[in-house]
Structure formats: C-alpha cells, structure tokens
Amino acid sequence: SLKGLGELIVLGREQLDLSQPESIRPVVRHIKPDLIINAAAHTAVDQAESEPELAFAINATSPGVFAEEAAMLGIPLIHYSTDYVFDGSKDGLWNEADAPNP
C-alpha cells in the first residue's frame, strides 16, 4: 500500500489522455511528483491489432515520455506491464531478463 507515504495523486483518462503522449509533459511538470507510477495500458489485444497507432501511443510512446520526464526531474518511474508481452511458453514466473515474444 502507498498509503502513509505522502500525497497520492491519481489521474484517470479525463485528466491525462495517454493516446496523446505529449499531453503528459505539462501535467507532470505542473504536479512535480516525487515518483511516477504508470499502471495504464492498452490491453484489448484484438482492438490493439486493429488500432496499432493507438496501442503504440499508450503502450510505448507514453511510457517513454514518462521516463523522459522522470529523468528530467531525477525521480523514479515505476511502470507496470502485463504478461501479454510473453508467449506463455515458460514454466514458472517471468522476470525483466526474459525476452518478450508477444
């Protein structure tokens, strides 16, 4: 739980549209966070295949912008992903060193 660690600001789609990655910069610079946690993703696989630009904006470009802003501010970025980046062939748990194969 993050409760007790300080002020927690949670932004939904209405406040931060990850389909427009450049909209992230002014929001981050206004808030000036001590930490960024990104748990957003486009996970509707069939829809992502029919809308690849949208999926790329949300799943690739936006996390990159978060990383750039975090680096500029000298703060950590925690980015959650899903198991959709792996092919399911491994027995056991996946980790950061495993090769993606969606």
* Mind counting the residues in region 2-35 that are closer than 14 Å to Leu73 by Cβ and not in a loop (DSSP other than H, G, I, E, B)? => 8
* Structure fact -> Residue set Thr82, Thr61; condition modelled with pLDDT under 85 and either more than 14 Å from Leu18 (Cβ to Cβ) or surrounded by 13 or more Cβ atoms within 10 Å (Cβ to Cβ) (or both); output residue Thr82
* Scan region 9-29 and give yes if some residue there is on the phi < 0 side of the Ramachandran plot, without any contact (Cβ under 8 Å) to a residue 40 or more places away in the chain and more than 17 Å from the chain's Cα centre (by Cα), otherwise no. => no
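The values are calculated or read from the model by the stated rules, or taken from the named source; none is laboratory data. Everything numeric here is computed off the predicted structure, so don't read it as measured data. Heads up, the Cβs are rebuilt from the backbone with ideal geometry, glycines too, and the neighbour counts pull from every protein chain shown.
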